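A quick write-up on the structure given underneath.
Rule-based calculations on the coordinates, nothing more; no lab input. Keep in mind it's a predicted model, so treat the numbers as computed, not measured. Here the Cβ positions follow ideal geometry from the backbone for every residue, glycine too, while neighbour counts run over all protein chains shown.
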Amino acid sequence: MTQAERPSEAPLNVALIGVGMVAKTHLRAVRDLAPLVRLRGVLSTMPERAQAFADTAAREEGVGDVLAYPDLEALIADEALDFVIVLTPPNARQAVVEALCAARLPILMEKPVERDLARATALVETCERAGIPLGIVFQHRFRSVSEQLATLLQNGALGEVGLVEVSVPWWREQAYYDEPGRGTFARDGGGVLISQAIHSLDLMLSLVGDVSRVQAMAVRTRFHAMEAEDFVSAGLTFRSGAVGSLQASTAQYPGGAEFIIVHGDTGVARLGAGQLALDWRDGRQEIVGEAWSTGGGADPMAFTHAWHQSVIEDFALAWQQGRAPRVTGREALRVHRLIDALIASSNAGRAIDLPSSAEDVKACLS
């Protein structure tokens, strides 16, 4: 349905494509956004799973009846839909996106965009050519403390940034990787970098700017049987001249909350899950917010749906107002560029310089 056809007071109808683990988070987020949006229907490659999810969703207070579409063609034929949230694995995206673009349906998509930079760029360009809005779910940017730190950095309150530390000390049971395709390059595009650390890396880039050079080690530890990496350690050089470090893992039992530390001339900011600690160099200390769980332990879904709610709200309001969402597909290519470079550096056993555009990082190796 177009903006011109929609009554101003009517909720925006959204459909979910994919009913995996994160679908329940989106269900709760959409539920709590009433009357701005409502869940119209769901689609899965297994119709019985879609029906089961629709039945469960309908029992949530305030959700109402939910359709279980038998196939993508049926979803596209639903003229009441306003936008779609895509939750499929990364390798199942391009054909879905092409069909949604042909149907003129705006798309909000869970991270990552695709399995690598080249495929992600192709998907983004598909939407751009069609003139279809594409938003990416990077909910860590929408935490209030993330926004407060962004404001401090933009205002120069911390002075010039000289050092950045990123740590994602997570844990996943082997059962997590026993699901077919999980932790593989063919389905997911890799391991801890593209599936878990991508959120902290995207937030880091939004706060302190792009990385110009990396030297990384990406390996699989003895704690998991999987194809891709479950541990990454890297040194970073930023275009600003700052330096930094990254450690990301799903092999650190029992798992803890990720954090970003930004060291500036006048103070140091430690950004955790819902909490911002400030140590000013004049001796003052401040703590803002409260610590939250972010799914860093054995239960990957042990986190609030409030941040997803903020992402969906922004996308819905962007649709209504005719503006771009806060995190577009094009913006999301920045973190894909960095992840590709980290893997390329590990594979090559040397430092890699990142290109300053969407040029394929692999070109750095030639």
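Using θ = phi - 60° and the Karplus relation 6.51 cos²θ - 1.76 cosθ + 1.60, list the HN-Hα couplings for the range 78-83 in order, rounded to whole Hz, with x at every Gly or Pro.
7, 6, 7, 6, 10, 7
Rounded if a/c is under 1.5, else prolate if a/b beats b/c, else oblate: with a ≥ b ≥ c from the C-alpha gyration tensor eigenvalues square-rooted, which is the range 216-340? Numbers along the way, then the final one.
Working: a/c = 1.34, a/b = 1.08, b/c = 1.24.
Judged from the Cα gyration tensor, the range 216-340 comes out rounded (a/c under 1.5).
Which value, in Å³ per residue, describes the convex hull spanned by the Cα atoms of the range 10-59?
64 Å³
Could you work out Rg/(2.2 N^0.38 Å) for the range 92-182, with Rg from alpha carbons only?
Computed over Cα atoms of the range 92-182, the ratio equals 1.49.
Which values of log₁₀ I(q)/I(0), to two decimal places, follow from the Debye formula for the range 148-196 at q = 0.28 Å⁻¹ with a uniform point scatterer at every Cα?
-1.09
Using the 2.2 N^0.38 Å rule of thumb for compact globular proteins, work out how the range 168-233 stacks up: its C-alpha Rg over that value, please.
1.19
If only Cα atoms are counted, what is the Rg of the range 43-146, and what is its Dmax, in Å?
15.0, 42
May I ask you to work out the translational diffusion coefficient for the chain at 37 °C, viscosity 0.692 mPa s, via Stokes-Einstein with Rh from the Kirkwood sum over Cα pairs, reported in whole µm²/s?
Value of D from the Cα-based Kirkwood radius: 155 µm²/s.
What is the distance, in nm, between label points placed 7 Å from the Cα along the Cα-to-Cβ direction at Glu128 and at Ala10?
3.3 nm
For Gln148 and Gln94, what is the calculated FRET efficiency with R₀ set at 56 Å and r taken between the beta-carbons, to the nearest 0.05? Walk me through the intermediate numbers first.
On the way: r = 37 Å, r/R0 = 0.66.
Efficiency, rounded to the nearest 0.05: 0.90.
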